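Here is the structure we will look at, set down as structure tokens.
The values are calculated or read from the model by the stated rules, or taken from the named source; none is laboratory data. Everything quoted here is computed from the prediction, not taken from an experiment. Virtual Cβ from ideal backbone geometry, glycine too; neighbours counted across all protein chains shown.
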């Protein structure tokens, strides 16, 4: 097969990176072992086999979250070149931190214990089993993989924002302006976006392909985020969900969210 | 026939130049938007659709309303409409072109618009809306133009036009139904999640569109030496009256369901729309105007004494148009986003460039209507 121009450039680019980088083994070794220190940026394909699952899911053990901690957000946004506009109008984010009564309005009531009432919990794209955003997208720019990850093709998105209207969780952001000048530190291993496209959490599919867990999961010192295959009864996420009561956001809507909260 | 749009009186020339100027200003700001991104508008992460999509929604209704002339004339042989069906069809053509333009300027990546055709997604209502809107545009352009061309030559229209005209009747219903489905099928937006959305859209469309046509007929009589006829205008006025009544009724039905059931997810949006939430009441103030003008117009249109007096009829039609423009062209879209899924109340205020682009597209539409109607009047006064 003759490579297309884009493929050729990609191959050429990777070859060039290979020439200047230190030997791969030491680099990826450091990543797998010490995720917090620089491990946020996965580099060229390493020797670790890709992580695969029938259905990826995450459990949030919200009680473990340190008050005011934003480590998962910082790590995610650094890894994915998420811009920081510093104002709510242009705001783009993949992980948010929201008050528990806003995340679970149907479950909140005045007699909840103070420890829960005052809680802020991280919110992500729920990677729904039955995602409304995928249904409404007029170009299939947002789509669902066999392992459940709901993905975006930033090159196909026309910026109609139908998916933003369709998402019942407010998980999607639009690049209302050119995001590049607002990226604090560009990670060359992940694409930046152009203005006029929508983006959201991708469950770190680029890391899973390299055998590494999502950035938010590896960076969390409290181990509040547990990620794994929901169909594998031996996985961390399954063991956690099997043992404790968990809830999901707006399950009544039939979207089948894959982020489980333990409060 | 097109050349007839190019020659006209001094007043016609000034009007066309004025509209061209507004369209030009809009285009200038659109170039700015292309350069900066949609951040030049008042839209935000929480309120991600604004004036553009709201205008699109309102104008789909104007386009669909042509059926209120075509149906009585072609299916019930209501002869009074014979002179003006073409006006309805040309209004539909101009309105659909405005709709498509509004969608286009709302895209973050307009250069990729063909992706909708290259990677068609049959589950997306937007894909189907594109199909029905373009189909409707074609139907009205072909039938309107052919019938007018035959009028000019003094021959009856060819036989193949009739089936197309019949087809345009259900097609008109389809454009507004599919447009309503854009909103009514979204799980997390309680304000839009109502089966009555499509009927509501149709009712308000059949009031606002004919109201606009009445105003155009009155303008054409005054400035265009074309008289649509008292009977046609009065029939249209009755259509407006009952469609408006239906539209008001549907809104009241929505209010009952939400406020009697007391489900917060449904009530909150309506509270924001009509009263405001936590002091955010800009839209609520507009909606007060909308409600008052709707009731006033309904009274003026239902009473024969006021409906048959032309200046009052004109005022009532302005009220109908204003009321329903506020409801659909302002309130309906924004309120669906407030409060947000995370219960945030985010105000949306259109920016100057956004308003300029919006006015520019309206000017473009009015320019098309002006030129179509100029051609129409020229042909009709010659024969």
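Within segment B:175-207, the only residue that satisfies the criterion of being over 19 Å from residue B:95 (Cα atoms), within 16 Å of the chain's Cα centre (by Cα) and within 14 Å of another protein chain (Cβ to nearest Cβ) is B:197. For the residues B:366, B:300, B:313, the requirement of being within 19 Å of the chain's Cα centre (by Cα) and either on the phi < 0 side of the Ramachandran plot or more than 14 Å from chain A (Cβ to nearest Cβ) (or both) singles out B:366. None of B:359, B:302, B:375, B:312 is modelled with pLDDT under 95 and either surrounded by fewer than 17 Cβ atoms within 10 Å (Cβ to Cβ) or within 24 Å of residue B:226 (Cα to Cα) (or both) except B:375. No other residue among A:216, A:160, A:204 is over 20 Å from residue A:73 (Cα atoms), crowded, with 20+ Cβ neighbours inside 10 Å, modelled with pLDDT of 95 or more and touching a strand residue (DSSP E or B) at 6+ places or on another chain (Cβ under 9 Å) apart from A:160.
Restricting to segment B:58-71, what's the tally of residues that are within 18 Å of residue B:323 (Cβ to Cβ) and not in a helix (DSSP H, G or I)? The number of residues fulfilling the criteria is 1.
It is to be established whether one or more residues within segment A:91-98 are within 12 Å of chain B (Cβ to nearest Cβ), under 29 Å from residue A:142 (Cα atoms), in a strand (DSSP E or B) and in contact with a helix residue (DSSP H, G or I) (Cβ under 9 Å, 6 or more places away or on another chain). Scanning segment A:91-98, I find at least one residue that is within 12 Å of chain B (Cβ to nearest Cβ), under 29 Å from residue A:142 (Cα atoms), in a strand (DSSP E or B) and in contact with a helix residue (DSSP H, G or I) (Cβ under 9 Å, 6 or more places away or on another chain), so the answer is yes. Apart from one condition, residue B:231 fits all of (1) assigned to a helix (DSSP H, G or I); (2) touching a helix residue (DSSP H, G or I) at 6+ places or on another chain (Cβ under 8 Å); (3) surrounded by 14 or more Cβ atoms within 10 Å (Cβ to Cβ); the exception is (3). Please work out if residue B:8 is more than 14 Å from chain A (Cβ to nearest Cβ), touching a residue at least 24 places away in the same chain (Cβ under 8 Å) and assigned to a loop (DSSP other than H, G, I, E, B). In short, yes.
Under the condition of being at the interface with chain B (Cβ under 10 Å from one of its Cβ atoms) and in a loop (DSSP other than H, G, I, E, B), the residues counted in segment A:197-219 number 1.
Evaluation of residue B:114 against the conditions (1) closer than 16 Å to residue A:157 by Cβ; (2) surrounded by 19 or more Cβ atoms within 10 Å (Cβ to Cβ) shows that the sole unmet condition is (2).
State which residue is farthest from the other protein chains (Cβ to nearest Cβ) when the search covers only segment B:72-102 and only residues that are surrounded by fewer than 21 Cβ atoms within 10 Å (Cβ to Cβ), in contact (Cβ under 8 Å) with a residue 24 or more places away in the chain and part of a helix (DSSP H, G or I). Only one residue fits best here, namely B:80.
Total residues in segment B:177-202 satisfying the condition of being outside any loop (DSSP other than H, G, I, E, B) and touching a residue at least 40 places away in the same chain (Cβ under 8 Å): the figure is 9. Looking at residue A:182, is it buried (at least 20 other Cβ atoms within 10 Å of the Cβ) and over 16 Å from the mean Cα position of the chain (by Cα)? Judged against the criteria, residue A:182 is not a match. Among the residues of segment A:227-263, those identified as in a strand (DSSP E or B) and in contact with a helix residue (DSSP H, G or I) (Cβ under 9 Å, 6 or more places away or on another chain) are A:227, A:228, A:229, A:260, A:261, A:262. State whether one or more residues within segment A:219-242 are within 15 Å of the chain's Cα centre (by Cα) and buried (at least 24 other Cβ atoms within 10 Å of the Cβ). Yes, there is a match, as at least one residue in segment A:219-242 is within 15 Å of the chain's Cα centre (by Cα) and buried (at least 24 other Cβ atoms within 10 Å of the Cβ).
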